[in-house]
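Colleague: Attaching a single structure in structure tokens format; questions to follow.
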Protein chains: 2
Amino acid sequence: MRTNESARGSAQAEVHAPWGWTDAHRAQHVSVIGATGAVGRELCTLLVQAKHPLERIHALARAECAIEAAGARLSVRALPQTRDGLHAARTQLAFLCTPSEISLELAPALCELGTRVIDLSSAFRMRADVPLVVPEINPQALAGGARLIANPNCTTVMAAMPLAVIERICGLEEVVVVSFQAASGAGVPGLETLQAEAREASGLPVGQRRASPFPAQLALNVIPGVAAVDELGISGEEHKVIAEMRKILGRPGLVVEATTTRVPVERCHSVAVHVKTARDYSLPELIAALRAAPGVEVTDDPHGPRPRECAGLDPVFVGRIRAGTRGARSLCFFAVGDQIRKGAALNALQIAAALTPES
Amino acid sequence: MRTNESARGSAQAEVHAPWGWTDAHRAQHVSVIGATGAVGRELCTLLVQAKHPLERIHALARAECAIEAAGARLSVRALPQTRDGLHAARTQLAFLCTPSEISLELAPALCELGTRVIDLSSAFRMRADVPLVVPEINPQALAGGARLIANPNCTTVMAAMPLAVIERICGLEEVVVVSFQAASGAGVPGLETLQAEAREASGLPVGQRRASPFPAQLALNVIPGVAAVDELGISGEEHKVIAEMRKILGRPGLVVEATTTRVPVERCHSVAVHVKTARDYSLPELIAALRAAPGVEVTDDPHGPRPRECAGLDPVFVGRIRAGTRGARSLCFFAVGDQIRKGAALNALQIAAALTPES
């Protein structure tokens, strides 16, 4: 259960290998495809902060442009549209920060060219031959040497980080997850929509506004059901939380139920989680295990954690850890994490850091 | 299970007896104590809208002032501080929209003077000799002729309205409630705090600002744990949801678990509810029963109900009614209601309407 990151020896080493990113990783050419989206930009920022040489960061997107990442200016090239173009642009490692339909085409093509691919879309997550990895939870899934690795859904990651610790200590019997998801979970358009709506609600003029990705005004509102709702009444995001949780925790039969909602928060997803454990547990022991878990930070604030204060930070923050009122094996907590970092870009970088670099 | 309101015969009758408020009720002198708070103002508004004669509405508060209620101007008198003063100001019926510590003193004093009291604070809700009433759910609790009646916690009402229907159809075995509570649940100071924070977040100047009733910035945030959190990690609001739900539903042993949160919404509390029923149920039958239930409105919007669209309306809106994924007897829904109306002022007026008027 220890990652490269948590195995770092000293503060000195930490400066040189943030998130486990070593000189051997820095020797690789790395593509970030979809570099102009919220997650792609964050990945570029993390790579720059991890001292990856700028000339070995290949930012690609639909159209040429330039982006700023952690004080560095990166040129973004247009994604080649032909196989020859892709071949010429190939790198040792590629992060796909692209919509599923684009990942579905690109990932196999890149793998065929010898590129190792970490895909952040949902396209491959549930494929039996594709590892779905949170490095603090199931790094063993990387042992098979897969060339294509999937990064999980961001809401799932927030709940899975503490749940994996609980699973280890006393087993999970049943999990209910209720999410409070930030506007930027719908990318830059989501964030800009919330900001424009908020300005308008405060009586400020709002200029030309792009189409909202949400089914209703988000400012001063709560929108239940993230992503399309199917004929069973379950939303796409809820299906992901259920299926991906089972795969990440290695518990195909785990009972999971979810309600997802969008709330007027700029960044960071929150989850209220109500658990029944398989075995009796000691609350102090459980809290101690959560405190010791890499990537998890327990807060003692009785009214925390809160999304606004967690934005831009690495850990998944867990608070309000308490015995439930549904019997001795019930347990409740509230968890918050930056869905663009640990829910996406940071987790993807940690996956790459856990892989042996290729030359 | 039918209330005065739902038993109304015709649109013609509705004009004259909104919420079951008849000429016999209008013959009573009615006090609204705490008339300048969010709930007190709403009660005055409802009384004016129910055509209660203005001279028989006695608005009282800490200090003399005037308020506007549904287009009428009401003089607010200072609450008498002596027993003689109270005696002189006594009415047949009094609504206490006061903090618990004031209700604790006032309610027995008023009852002794022969006034029937509907208390909206939490002071008496769990007392065995005080009915805790949602007229659509447990009107039979009024049959004993109690002189002091308690109005439930607003979050509890939102969940209880649909849960009472489910209890009737297939029984409840276990209930998990996660709340999304509006700023105005903390009264006018809560609403003004959110509005000032939102203006500030949009870069607008904010003048003198009163102290926030919240433990952190609410705008663009989620604050878990409504009211103080005790040594078990359970918040005051969560204790209320658990205890009051059992009393209203007449199920002292019902298993209820809750997480409460405050969200940046102006008005209307939302609840995500995950249920296990006692018996197998048919989803279409259950939805039909919810559609037929007085005070409940089922929405077919796959992303509804939403608090912003429910503000100022009477029903508790219920949507996303779906089979759960925790077995055949699991069930999920999302409910939203105006906590100042059905969660407080409207429910209190409905209680008064269900009582035989006194002369």
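The values are calculated or read from the model by the stated rules, or taken from the named source; none is laboratory data. As the structure is a prediction and not an experimental result, all values here were calculated from the model. Heads up, the Cβs are rebuilt from the backbone with ideal geometry, glycines too, and the neighbour counts pull from every protein chain shown. The protein model used for the area step is the full one, side chains on, heavy atoms only, and it has no ligands, DNA or RNA in it. Shrake-Rupley method; radii C 1.70, N 1.55, O 1.52, S 1.80 Å.
Colleague: Under a point-charge model restricted to the Cβ atoms of Lys and Arg (+1) and Asp and Glu (-1), what is the dipole moment magnitude of region A:204-359 relative to its Cα centre, in debye to the nearest 20? Intermediate results must be reported in sequence, preceding the final value.
Modeller: Numbers: 19 positive and 16 negative charges, 40 e Å.
I would put it at about 200 debye.
Colleague: Can you work out the Karplus-derived ³J(HN,Hα) for every residue in region B:163-170? Use 6.51 cos²θ - 1.76 cosθ + 1.60 with θ = phi - 60°, whole Hz, and x for glycine or proline.
Modeller: With coefficients 6.51, -1.76 and 1.60, one gets 5, 4, 5, 5, 4, 5, 7, 9 Hz.
Colleague: Using a simple charge model, +1 on the beta-carbon of Lys and Arg, -1 on the beta-carbon of Asp and Glu, nothing else, what dipole does region A:19-109 show about its Cα centre, in debye to the nearest 20?
Modeller: 160
Colleague: Once amide H atoms are built 1.01 Å from N in the peptide plane, which residues 5 or more positions from A:Ile340, or in another chain, come under 5 Å H to H?
Modeller: A:Cys268
Colleague: How long are the semi-axes of the equivalent ellipsoid of region A:213-329, defined as square roots of 5 times the Cα gyration tensor eigenvalues? Whole Å, largest first.
Modeller: Those come to 26, 21, 13 Å.
Colleague: Expressed in nm², what is the orientationally averaged projection area of the convex hull enclosing the Cα positions of the protein assembly as shown?
Modeller: 32.9
Colleague: Any idea what the relative contact order of chain A is, in percent, if you count C-alpha pairs under 8 Å spaced at least 6 apart?
Modeller: After rounding, I find 19 percent.
Colleague: Hey, got the average number of other protein chain Cβ atoms within 10 angstrom for residues in B:308-314?
Modeller: Values: counts 10, 3, 0, 1, 0, 0, 0.
Per residue, the number of nearby Cβ atoms from other chains is 2 on average.
Colleague: Straight-line reach only, C-alpha to C-alpha below 18 angstrom: list the aspartates and glutamates that A:Lys247 could link to, leaving out same-chain residues fewer than 8 apart.
Modeller: A:Asp119, A:Asp129, A:Glu136, A:Glu167, A:Glu173, A:Glu174, A:Glu237, A:Glu238, A:Glu257
Colleague: Put the label 7 Å from Cα along Cα→Cβ for B:Gln208; what are its distances to the other copies, in nanometres, shortest first?
Modeller: Copy-to-copy label distances at B:Gln208, shortest first: 4.5 nm.
Colleague: Could you compute the net charge surrounding B:His29? Neighbours are other residues with a C-beta less than 9 Å from the C-beta of B:His29; K and R count +1, D and E count -1.
Modeller: +1
Colleague: A further question follows. Quick one: ranking A:Asp338, A:Asp280, A:Asp230 by accessible area, 1.4 Å probe, largest first, what do you get?
Modeller: From most accessible down to least: A:Asp280, A:Asp230, A:Asp338.
Colleague: To the nearest whole number, what is the average tally of beta carbon atoms from other chains within 10 Å of the beta carbons of peptide B:212-223?
Modeller: That works out to 6 on average.
Colleague: Karplus couplings for region A:234-239 from phi (6.51 cos²θ - 1.76 cosθ + 1.60, θ = phi - 60°), rounded to Hz, Gly and Pro as x?
Modeller: Taking θ as phi minus 60°, the curve returns 9, 7, x, 5, 5, 4 Hz for region A:234-239.
Colleague: Rounded to the nearest 500, what is the 222 nm mean residue ellipticity of the protein assembly as shown from helices alone, with -39500 (n - 2.57) per DSSP H run of 4+ residues and division by all residues?
Modeller: -9000 deg cm²/dmol
Colleague: When you look at the Cβ of every residue in B:188-201, what mean number of other chain Cβ atoms sits within 10 Å? List each step's numbers first, then the result.
Modeller: Working: counts 0, 0, 0, 0, 0, 0, 1, 3, 0, 0, 7, 6, 1, 6.
Mean partner-chain Cβ count within 10 Å for B:188-201: 2.
Colleague: Which order, highest average first, do B:286-294, A:305-313, A:320-328 follow once you tally other Cβ atoms within 10 Å for each residue and take the mean per peptide?
Modeller: Listed from highest to lowest mean packing, they are A:305-313, A:320-328, B:286-294.
Colleague: Under the Karplus relation 6.51 cos²θ - 1.76 cosθ + 1.60, θ = phi - 60°, what is the ordered set of whole-Hz ³J(HN,Hα) values for region B:74-86, x standing for Gly and Pro?
Modeller: For region B:74-86, the Karplus-derived couplings read 10, 7, 9, 8, 6, 5, x, 9, 10, 5, 5, x, 4 Hz, x marking Gly and Pro.
Colleague: Counting only residues 5 or more places away or on other chains, whose amide H sits under 5 Å from the amide H of B:Thr261 once H atoms are built in the peptide plane?
Modeller: B:Ser179, B:Phe180, B:Gln181, B:Gly225, B:Val226
Colleague: Considering region A:54-159, what Rg and Dmax in Å follow from its alpha-carbon atoms?
Modeller: Cα only, region A:54-159: 14.6, 42 Å (Rg, Dmax).
Colleague: Name the long-range amide H neighbours of A:Ser235: under 5 Å, sequence gap of 5 or more, or other chain; modelled H, no Pro or chain starts.
Modeller: HN-HN under 5 Å from A:Ser235: A:Asp230.
Colleague: Provide an ascending nm list, one decimal, of label-point separations from A:Pro108 to the equivalent residue in each further copy; define each label point as 7 Å from Cα along Cα→Cβ.
Modeller: Here A:Pro108 shows inter-copy label distances of 7.9 nm.
Colleague: Taking B:Asp84 in one copy and the same position in all the others, each labelled 7 Å out along Cα→Cβ, what are the pairwise distances from the first, in nm, shortest first?
Modeller: Sorted ascending, the copy-to-copy spacings read 10.6 nm.
Colleague: Only Lys, Arg, Asp and Glu count, each charged at its Cβ (+1, +1, -1, -1), so figure out the dipole size of the protein assembly as shown about its Cα centre, rounded to 20 debye.
Modeller: It works out to roughly 80 debye.
Colleague: Same structure again: Under a cut-off of 19 Å between alpha-carbon atoms, report the lysines in cross-link reach of B:Lys240, not counting same-chain residues fewer than 8 places apart.
Modeller: B:Lys342
Colleague: Sticking with this one: Among A:Ser122, A:His52, A:Ile223, whose Cα sits farthest toward the positive end of the charge dipole of chain A (+1 at Cβ of Lys/Arg, -1 at Cβ of Asp/Glu, about the Cα centre)?
Modeller: Sorting the options by dipole projection puts first A:His52.
Colleague: Picking from A:His58, A:His303, A:His269, which is most flexible by a Gaussian network model of chain A using Cα springs under 10 Å?
Modeller: Result: A:His303 has the largest fluctuation of those listed.
Colleague: In terms of Cα to Cα distance under 17 Å, which lysines are near enough to A:Lys276, apart from those fewer than 8 places away along the same chain?
Modeller: Filter leaves B:Lys276.
Colleague: Next question, about the same structure. Share of Cα-Cα pairs in chain A beyond 35 Å, in percent? Intermediate results must be reported in sequence, preceding the final value.
Modeller: Working: 14315 of 64261 pairs.
That fraction is 22 percent.
Colleague: Quick one: with all protein chains in place, what share of the accessible area of the protein assembly as shown is carbon or sulfur, to the nearest percent (1.4 Å probe)? It would help to have the intermediate numbers written out before the result.
Modeller: Details: 13960 of 26860 Å².
Ligands and nucleic acids excluded, carbon and sulfur give 52 percent.
Colleague: Please report the buried accessible area for the interface of A with B, total over both chains, probe 1.4 Å, in Å² to the nearest 100.
Modeller: Rounded to the nearest hundred, the buried surface is 4600 Å².
Colleague: Projecting each Cα onto the charge dipole of chain A (Lys/Arg +1, Asp/Glu -1 at the beta carbon, about the Cα centre), which of A:Pro99, A:Ala323, A:Ala17 comes out farthest on the positive side?
Modeller: A:Ala17
Colleague: Whole Å is fine, so just give me how far the alpha carbon centre of region A:83-123 lies from that of region A:212-279.
Modeller: First find each Cα centre; the distance between them is then 28 Å.
Colleague: Would you mind telling me the antiparallel percentage of the DSSP bridges in the protein assembly as shown, rounded to 5?
Modeller: On the way: 58 of 114 bridges.
Counting only bridges with both partners in the protein assembly as shown, antiparallel ones make up about 50 percent.
Colleague: Please name whichever of A:His87, A:Gly190, A:Gly144 sits farthest to the positive end of the charge dipole of region A:69-207, dipole taken about the Cα centre and charges placed at Cβ: Lys and Arg +1, Asp and Glu -1.
Modeller: It is A:His87, whose Cα lies furthest towards the positive end.
Colleague: Would you mind calculating the relative contact order of region B:99-173 from Cα pairs under 8 angstrom and at least 6 residues apart, reporting the percent as a whole number?
Modeller: Details: 80 pairs, mean separation 21.3, N = 75.
With pairs under 8 Å counted, the relative contact order is 28 percent.
Colleague: Compute the accessible area per residue over region B:255-351, keeping the other protein chains in place, probe 1.4 Å, unit Å².
Modeller: Numbers: 2640 Å² over 97 residues.
I get 27 Å² per residue for this part.
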